[in-house]
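Enquirer: Dumping the structure here so I can ask a few things about it.
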Amino acid sequence: MTSFWQDVRYSLRMIAKAPGYAAIAILTLALGIGANTTIFSWINSALLNPVPGLATPNEVVSLTLSKPGDNPFPLTYPDVEAMRDGQQSFTGIAACNFAQMSLTGKGKPERVFGMVASANYFDVLGVRPILGRGFLPAEDEKPGGAPVAVISYRLWQTHFGANPDIVGQTIEINQHPYTIVGVTPAVFQGSQTGVRTEIWVPIMMESQLNPLGDLLHDHHYFWLLEFGRLKPGVSLQQAQAEMTLRLKSEVKNYPEEHKGHDSVTVYPLWRNPFGLNEFLSTLLPMLMIIAGLVLLLACANVANLMLVRSVGRRREIAIRMSLGASRWQLVRQLLVESLMLALAGGAVALLITFWTEGTLLKFLPATEDGPLALSISTDRTVLMAALVISVLTGVIFGILPALRASSVAPVAVLKEDTGSASGGLKKARLASGLVVAQISLSLLLLICAGLFIRSFLSAHQINPGFNPHNVLTASYDLFTAGYSDASGAEFDRQLIAKLGALPGIQSVAMSDRVPLASDSGSTSVKPEGYVSQANESMETQVAIITPNYFQTLQIPIVKGRDFTLWDTKSSRRVVIVSQAFVDRYWPNQEALGKQLNSDLTHEWFTVIGVARDSKMTGLNEKPVPFVFLPQYQVYRSTMIIIVRTTADPLAVGKTVEKTIHELNADLVVFDVTTLELREQIASFPQRIAGTFVGAFALLALILAAVGIYGVTAYTTRQRTHEIGIRMTLGASKDDILRLVLGHGLRLTLAGVGLGLAASFALTRYLSSLLLGVTSTDALTFSSVTILLCAVALLACFIPTRRAMRVDPIVALRYE
């Protein structure tokens with residue numbers, strides 16, 4: 001230990017003697033380590049600790065329908081009962097679902113994001129309320145018999161003023177009385193990563209919280225998210241096999257509904273396929289890999305710096321070896337010096353991490369219909385990771401220079417002149433090899449960045465199948481305001497008429513979902529004359545719309561007609577389908593007049609129109625079968641007003657809200673925005689990936705340029721005497737240019753070749769994040785290669801120009 005501290009003190013003295021070298025090395029390492037610790041802080045918060053506040057979170061898993069690798073699917077309540085009752089793999093299985101709620105009764109109604117949950121919800125998660133209690137088993141027995149609520153710490157603070165006597169007080173949710181029985185800890189924001197929940201109500205009260213009626217006995221409506229706590233020693237595969245077996249009874253009794261969804265998949269909680277997890281579990285590991293490549297580039301740069309510096313320390317090392325120092329002692333001392341630099345870089349990197357840890361949140365869309373609350377923090381785990389990364393970095397960039405520097409022959413070195421700059425061809429070859437690696441990694445990162453940037457630009461050029469310009473959207477929920485189906489439909493008619501008469505409004509319609517929003521809906525269909533295959537899922541995307549929906553969004557109806565005000569509950573049931581629906585179920589047939597059955601109402605609907613395909617769920621989606629049902633036949637209480645304006649849509653937002661409140665002053669209007677903004681939100685995965693990968697790639701380009709400049713300058717300095725001889729013997733400046741520049745060009749081409757090979761092999765894994773561009777896009781590959789070659793040649797030209805100006809007499813006296 002004494003010798004170690006001696007090495008530390010000696011290393012600090014040596015670093016202090018070369019402040020310029022130390023500053024460059026520490027800054028380079030800080031950028032590389034900082035990129036990694038920043039991304040790791042996101043992974044730690046979003047994936048390793050996806051639901052803060054859980055007891056032993058590694059035991060909690062998500063359960064979904066469908067086979068592994070297929071799209072996950074929620075469950076019906078009878079599915080949950082079949083899997084839950086009598087199972088042996090879990091200490092408990094809980095179910096929940098989001099619910100929009102309105103707090104009424106005191107002051108202005110407030111819309112909050114709530115959840116209906118089984119009585120064991122908090123017990124399975126291991127969350128203990130800080131005030132009061134969670135739900136009791138008896139509150140999971142009788143439908144409509146548990147009017148109690150647990151509220152979040154945040155809601156307790158903001159809405160109730162942190163009243164210490166809040167437990168036992170009565171509040172109104174959707175105009176029904178509920179008793180507050182508990183307050184959750186501040187750290188707990190809900191069981192879905194990144195989505196903040198404010199109120200929890202027993203699942204037995206679901207009929208008061210959704211307009212679809214009794215779902216507890218419905219075998220057709222898949223709506224529940226399920227999770228469980230594994231018993232000790234039970235694997236995911238064992239739990240998955242048992243749950244699939246227990247689901248068989250429901251699959252057997254309801255085969256049509258479970259087509260394609262007859263198996264259970266068990267996921268670790270960090271891979272929960274609903275919410276932000278699916279996107280973050282793909283993006284963040286990819287960014288971590290790219291940040292790791294940036295760190296390798298930084299290590300290569302510092303290793304080259306150390307190789308160059310070791311030339312000036314050859315005599316020092318030779319003298320120490322002559323005085324009895326072993327090679328291991330020298331390697332140890334040089335590694336300690338590397339560790340000091342790495343730890344200093346890690347300390348600066350932590351400052352960078354504290355500054356950049358919240359950057360991710362700035363890219364996430366903030367929408368009222370799904371309030372995001374991703375908590376990012378630099379905790380002890382991140383600090384430990386920074387320490388480990390710093391130590392590994394010190395070893396990675398320090399080991400090769402240490403081994404190379406300690407391999408000198410003391411006698412040969414001591415015979416050299418003190419002014420010798422000779423470091424040996426071996427060091428030059430090692431430095432050149434590091435530069436080739438830098439160039440190849442830089443090219444890989446630049447190509448990744450180029451693909452994401454092209455993808456982001458492509459997102460703005462894709463035709464979504466509708467016109468998003470000058471369209472305002474605003475939402476409200478009549479169910480939470482106490483409206484019946486009949487009175488709600490009449491409210492919708494009156495509102496559309498009043499809005500349509502306002503100046504500046506070109507067209508008005510309503511829908512329960514709009515294109516490229518987080519809202520989604522599906523229905524199981526039975527098209528007339530179509531024979532489904534075994535296990536073929538008949539789930540089809542669906543939207544409930546009013547007349548003028550297609551006119552307002554400017555989606556052409558290619559055949560037939562639009563809905564009218566006369567398509568009501570007393571008239572023939574009608575439906576409009578997409579072109580993709582026709583192509584799948586009635587190819588080469590006349591669709592108008594065909595019928596289909598929907599499990600939304602279990603009635604037969606007649607096709608009266610065929611609409612052109614449009615992108616409803618994402619800009620990268622392929623045309624999918626879609627059905628549109630009329631609002632006045634299949635009523636929905638939560639609707640989105642769609643208003644096409646003649647000017648800036650946000651300018652009429654207040655007018656729209658005022659018109660709504662003229663009909664009902666207490667109705668909560670929310671999520672007032674534009675369709676263009678929704679379109680931008682739909683492309684945010686490409687934007688966030690392009691931004692961060694682009695930043696890393698720019699850093700990599702700078703590091704590569706510095707690296708090739710350094711090695712070219714180093715090798716040019718090594719060959720100063722040789723250049724003087726050549727010029728004395730008649731070599732021209734052009735000959736010197738070809739000599740020095742040729743070396744840099746060979747390194748560049750070698751690096752480009754390796755980088756292109758790696759890029760073709762690895763970029764295919766980015767396909768799921770790309771939009772409108774292939775993973776082997778020729779324009780990206782060629783333009784990035786040209787850019788890197790130009791930068792590399794510029795870095796080579798600076799020392800080359802210096803070599804061309806060498807005075808032969810001075811060069812001959814160099815050694």
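The values are calculated or read from the model by the stated rules, or taken from the named source; none is laboratory data. The structure presented is a predicted model; accordingly, all values stated were derived computationally and were not measured. Virtual Cβ from ideal backbone geometry, glycine too; neighbours counted across all protein chains shown. Heavy atoms of the whole protein, side chains included, go into the accessibility calculation; ligands, DNA and RNA do not. Shrake-Rupley method; radii C 1.70, N 1.55, O 1.52, S 1.80 Å.
Enquirer: If you take the square roots of the eigenvalues of the alpha-carbon gyration tensor of the stretch 490-539 and sort them as a ≥ b ≥ c, do you get rounded (a/c under 1.5), prolate (a/b over b/c) or oblate?
Expert: prolate
Enquirer: Another one. Tell me, what is the 1.4 Å probe accessible area of residue 223, in Å² to the nearest 10?
Expert: We get 20 Å² for residue 223.
Enquirer: Let me cross-check residue 774: its accessible surface, 1.4 Å probe, with only protein heavy atoms counted, in Å² to the nearest 10?
Expert: Ignoring ligands and nucleic acids, residue 774 comes out at about 80 Å².
Enquirer: Quickly estimate the mean residue ellipticity at 222 nm for the chain, helices only: each DSSP H run with n ≥ 4 gives -39500 (n - 2.57), and the total goes over all residues, rounded to 500. Walk me through the numbers before you get to the answer.
Expert: Details: 23 runs with 377 residues, N = 815.
After summing the helix terms and dividing by the residues of the chain, the value is -15500 deg cm²/dmol.
Enquirer: Additional query: Using Cα atoms only, what is the angle between the long axis of helix 236-253 and the major principal axis of the chain, expressed in degrees (0 to 90) to the nearest 10?
Expert: Rounded to the nearest ten degrees, it is 20.
Enquirer: Which percent of the accessible area of the stretch 438-576 is formed by carbon and sulfur heavy atoms (probe 1.4 angstrom)?
Expert: Details: 2870 of 5460 Å².
Looking at the stretch 438-576 in its full context, I get 53 percent from C and S.
Enquirer: Can you tell me the order of 180-187, 656-663 when each peptide is scored by its average per-residue count of other Cβ atoms within 10 angstrom, highest first? Kindly include the intermediate steps, with their values, before the conclusion.
Expert: On the way: 180-187: 19.9, 656-663: 15.6.
Result, highest mean Cβ count within 10 Å first: 180-187, 656-663.
Enquirer: I would also like to ask the following. Taking the full set of protein chains and a 1.4 angstrom probe, give the accessible area of residue 603 in square angstrom, rounded to the nearest 10.
Expert: 60
Enquirer: Tally the DSSP beta bridges in the stretch 484-617 and give the antiparallel ones as a percent, rounded to 5. Please list the in-between numbers first.
Expert: Working: 14 of 19 bridges.
Roughly 75 percent of the beta bridges in the stretch 484-617 run antiparallel, per DSSP.
Enquirer: At 1.4 Å probe size, with the rest of the protein present, what percent of the exposed accessible area of the stretch 619-683 is carbon and sulfur atoms?
Expert: Within the stretch 619-683, the accessible surface is 53 percent carbon and sulfur.
Enquirer: At 1.4 Å probe size, with every protein chain present, just tell me what the per residue accessible area of the chain comes to in Å².
Expert: Details: 34240 Å² over 815 residues.
So the chain comes to 42 Å² accessible per residue, rounded to a whole number.
Enquirer: With labels modelled as points extended 7 Å from the Cα through the Cβ direction, what inter-label distance (nm, one decimal) is found for residue 429 paired with residue 650?
Expert: In this crude label model, residue 429 to residue 650 measures out at 6.3 nm.
Enquirer: Gap in Å between the Cα centre of the stretch 634-662 and the Cα centre of the stretch 138-211?
Expert: Computed from Cα coordinates, the inter-centre distance equals 30 Å.
Enquirer: Rounded if a/c is under 1.5, else prolate if a/b is larger than b/c, else oblate: which is the chain, with a ≥ b ≥ c the root eigenvalues of its Cα gyration tensor?
Expert: Values: a/c = 2.63, a/b = 1.94, b/c = 1.35.
Prolate, since a/c reaches 1.5 and a/b exceeds b/c.
Enquirer: Is the C-alpha gyration tensor of the stretch 1-57 telling us rounded, prolate or oblate? Criteria: a/c under 1.5 is rounded; beyond that, a/b larger than b/c is prolate, otherwise oblate. Could the numbers behind the result be given before it?
Expert: Working: a/c = 6.92, a/b = 2.07, b/c = 3.35.
Judged from the Cα gyration tensor, the stretch 1-57 comes out oblate (a/c at least 1.5, b/c at or above a/b).
Enquirer: Could you tell me which of the pairs 142/569; 594/622; 252/594; 142/259; 259/615; 362/498 are separated by over 27 angstrom between their Cα atoms in the structure shown? List each step's numbers first, then the result.
Expert: On the way: 142/569 32 Å; 594/622 24 Å; 252/594 30 Å; 142/259 31 Å; 259/615 25 Å; 362/498 38 Å.
In this structure, 142/569; 252/594; 142/259; 362/498 exceed 27 Å between Cα atoms.
Enquirer: Mind checking the angle between helix 778-804 and the chain's longest principal axis? C-alpha axes, 0 to 90 degrees, to the nearest 10.
Expert: On a 0 to 90 degree scale, this one is about 20.
Enquirer: At a 1.4 Å probe radius, carbon and sulfur cover how many percent of the accessible area of the stretch 113-156? Could you put the intermediate results ahead of the total?
Expert: Values: 980 of 1800 Å².
Carbon and sulfur together cover 54 percent of it.
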